[in-house]
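Scroll down for the structure; my scribbles are underneath it.
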Amino acid sequence: MNNLTMDKIVNLCKNRGFVFPGSEIYGGFANTWDFGPVGVELKNNIKRAWWKRFVQEDPNTYGVDAAILMNPKVWEASGHVASFGDPKMDCKKCKQRFRADTLVENHSKGSVSAEAMSNEELESYIQTHHICCPHCGGFDWTAIRKFNPMFITSRGTLEADADKVYLRPETCQGEYVNFLNVQRTTRAKVPFAIAQIGKSFRNEITPGNFLFRTIEFEQMELQMFCKEDSSMNIYNQYKERALQFVKDLGLKEENLRFHDHDKLAHYAKAACDIQYNFPIGWQELNGIHHRSTWDLSRHQEFSGKNMQYVDPFTNEKYIPNVIEYSIGADRLTLALLCQAYDEESLENGETRVVMHFHPAIAPYKVCVLPLQKNLSEKAKEVYSLLSKEFMCDYDEAGSIGKRYRRQDEIGTPFCVTIDFDTLENNTVTIRERDSMEQIRLNINDLIDFISKKIKFN
Ligand code: ATP
C-alpha cells in the first residue's frame, strides 16, 4: 500500500494481537515488544520457513542452538569488549550515532591521529572545525559517551563474587565456537555451514521504529565455512538465495534492493545488505558478509585451540573463510506485516483491511465459523478435526460478515462456515481471503485442500 504509515501497522498489531508494548501495565519498557497470540504464530512460521529453506533443504548446513551466556573471552576474541571504549556521539537532528575519533580522522583526511586524543580534545576539535553530521549535514551533537553495546549481567550468588557476563549481542559466535564440534560429529566437508536462530541483545543508542530496531531481537543466520578460492562465488550465491527467500515469502521485488558496502571492516572482503522499502524508507533487512579467516583465526588466538580444517583428500590444513548470512526475525516480520497490509474498497462501498500473507506464514490457516450458535456442536467437531493438522481459529460471535473481516485483518487464508446443509450432507462453505470466493466442499476433503494451498517451497 502506497501511503502506509508505521502507526497503522502498530495499531493493527496492538488491536489484533500481533504485538503488544512490553510490560504495558507498568507503563511499558521502551523498545521492548511482546508478541501476542497471532504474532507469535506469524514469527514462528517465518522462522520455520527460514529453517526449512536454509537447513532442512540444504545437505551442507547443520543447525545448532548455542547458549546465550558465553565465556566472556568469546567477546574479547570477537572484538566486542575492546570496542566498549569507543567514544560515541549522536547527531541530535537525525539520531545517527558516530565515533568521534572517526569523525575527526575523516575530516582531517587522516592527518590527525585521534586515537590518542581525550574526549575533551575530540569535542573541542569537532566544535572548532565545525564537523557536521555525515548523514544529515546537521551540527547538533550530544556530548561524547563511552557506550557499551553489550548488556552486562553477573554470575555467582553473592554480589561480591560476581563475575561479569554478557548477553550475546550476536548469535554467530555460537557457531564459530562450535566449528570443531560440528565438523567432527557430522564429518562435514568444507564447504559447509552452521545455522542458528536465537535471541541477541544490543544496548542500541537509537532504538525505535517499532520492531525495526529493538534492544532484544532474534537473528536467523548461518556461517558458511569455505576455501578461499570458492569464497567469492559462495558469497554471491548467498546474496541471490537471501533475496529469493524474502521474495518467496511475499516481499515485492520493487521494494527490495542490494546495497553493496563501500567501506569494509579491515578483515572483510565484501559486504552487502538487502534493503527493504519500509514506511520509514529504504533500510537494511539482512546482511551478507565475506569475513575472510578473521573469526576462526581470532578464536584460535584467544582459545589456544587449533581451528584448522584438515582436507581429508589432500591433507591440506587451513583456516576456512567465512561467509555470513544474517537476518533479523523481528525485522523480517515487520517487513512482511508492511507488505501484507492492504485497505480494499469493496463494491458495497465498505473498506476492508486485509493482510495478504503468504498462506505458509499466516498465523491461522483456517477459521471455523458456525453460521448460528445452534450449529456450534458440528462446528467444534470440524475445529477438532482441522486443528490436529493446522493452527485454527474458532469464532461464533457476531455476524458472519464481521467475523470474515476479523479473519481478513489477521490474514487467515481460509474460513470454513458450517450451516444447516452441513448437517444434511457433510459439506461446508470455504471462503478464500484474497478473492473472497466461496466454494462448497465435503468435510473429508478439507485437510487435503488446505494442505496443498499453504505449502512453502
Ligand atoms: P544495523 O545496521 O541495522 O544496526 P547491523 O549491520 O548491526 O544492523 P548485523 O549485526 O549484521 O546488523 O545483524 C544482522 C541482522 O540482524 C540485521 O540485518 C537486522 O535484520 C537484525 N538486527 C540487527 N540489529 C537489530 C536490532 N537492534 N533490532 C532488530 N533487528 C536487528
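Each reported figure results from applying straightforward, stated rules to the coordinates on display, with no laboratory input. Worth saying up front: this structure is predicted, and the values here are computed from it rather than measured. Glycine also receives a Cβ, built like all others from the backbone with ideal geometry; neighbour counts cover every protein chain displayed.
List of remarks:
- Rounded to the nearest 20, the Cβ-based charge dipole of the range 364-453 about its Cα centre (Lys and Arg +1, Asp and Glu -1) stands at 200 debye.
- Per-residue [θ]222 nm for the chain (sum of -39500 (n - 2.57) over DSSP H runs n ≥ 4, rounded to 500): -9500 deg cm²/dmol
- Cα gyration tensor shape for the range 364-453, rounded if a/c is under 1.5, else prolate or oblate: rounded
- In degrees, nearest ten, helix 294-303 long axis to first principal axis of the chain (Cα): 70
- Label-point separation in nm, Glu432 to Ile68, each point 7 Å along Cα→Cβ: 4.2
- Label-point gap, in nm, between Asn60 and Glu316 - each point 7 angstrom along Cα→Cβ: 1.5
- Look at the alpha carbon pairs under 8 Å that are at least 6 residues apart: their mean separation over the length of the range 258-391 gives a relative contact order of 15 percent.
- Contact order, relative form, for the range 364-453: 29 percent (alpha carbon pairs under 8 Å, 6 or more residues apart, mean separation divided by residue count).
- Of the trypsin sites (Lys or Arg not before Pro) found in the range 402-457, those that fall in a DSSP loop while having at most 11 other beta-carbon atoms within 10 Å are Lys455.
- Among Phe449, Phe420, Phe390 the positive-end extreme of the charge dipole of the range 364-453 (Cβ point charges): Phe390
- Convex hull of the range 287-434 built on C-alpha atoms - directionally averaged projected area, nm²: 15.7
- DSSP beta bridges in the range 364-453 [antiparallel fraction, %, rounded to 5]: 55
- Legend: distances between Cα atoms for Lys14/Lys263; Lys146/Lys263; Lys43/Lys227; Lys164/Lys269; Lys73/Lys93; pairs beyond 29 Å are Lys14/Lys263; Lys43/Lys227; Lys164/Lys269; Lys73/Lys93.
- Relative contact order of the range 174-278, taken over Cα pairs closer than 8 Å and 6 or more residues apart, is 19 percent.
- Model label sites at Lys189 and Lys146, defined 7 Å from Cα along the beta-carbon direction, differ in position by 5.1 nm.
- For the chain, share of DSSP beta bridges that run antiparallel, in % to the nearest 5: 85
- For the range 230-311: rounded, prolate or oblate by the Cα gyration tensor [a/c cutoff 1.5]: prolate
- Under 13 Å from the Cα of Lys8 - aspartates and glutamates, other chains or at least 8 residues apart: Asp342, Glu343, Glu409
- Cβ-derived FRET efficiency at R0 41 Å, Lys453 paired with Thr32, nearest 0.05: 0.70
- Derived value for the chain: Kirkwood hydrodynamic radius 25.1 Å. Basis is the mean of 1/r over every pair of different alpha-carbon atoms.
- Loop-resident trypsin sites (Lys or Arg not before Pro) (DSSP state other than H, G, I, E or B) in the range 8-92 with no more than 10 further Cβ atoms inside 10 Å of their Cβ are absent.
- Considering only the range 284-401, percent of DSSP beta bridges that pair antiparallel, nearest 5: 80
- Nearest-ten-degree value, helix 329-340 long axis tilted from longest Cα axis of the chain: 50
- For the pair Phe20 and Leu385, the difference between a 0.36 nm per residue extended length and the Cα-Cα distance amounts to 128.3 nm.
- The alpha carbon convex hull volume per residue for the range 190-258 rounds to 137 Å³.
- Amide H contacts of Tyr341 (H built 1.01 Å from N, under 5 Å, at least 5 apart or other chain): His356
- The chain: angle of helix 228-249 to the longest principal axis, Cα-based, in degrees nearest 10: 30
- Computed over neighbours whose Cβ is under 11 Å from that of Phe20, the net charge equals 0, Lys and Arg +1, Asp and Glu -1.
- The range 21-99-the range 428-450 distance, computed between alpha-carbon centres (Å): 39
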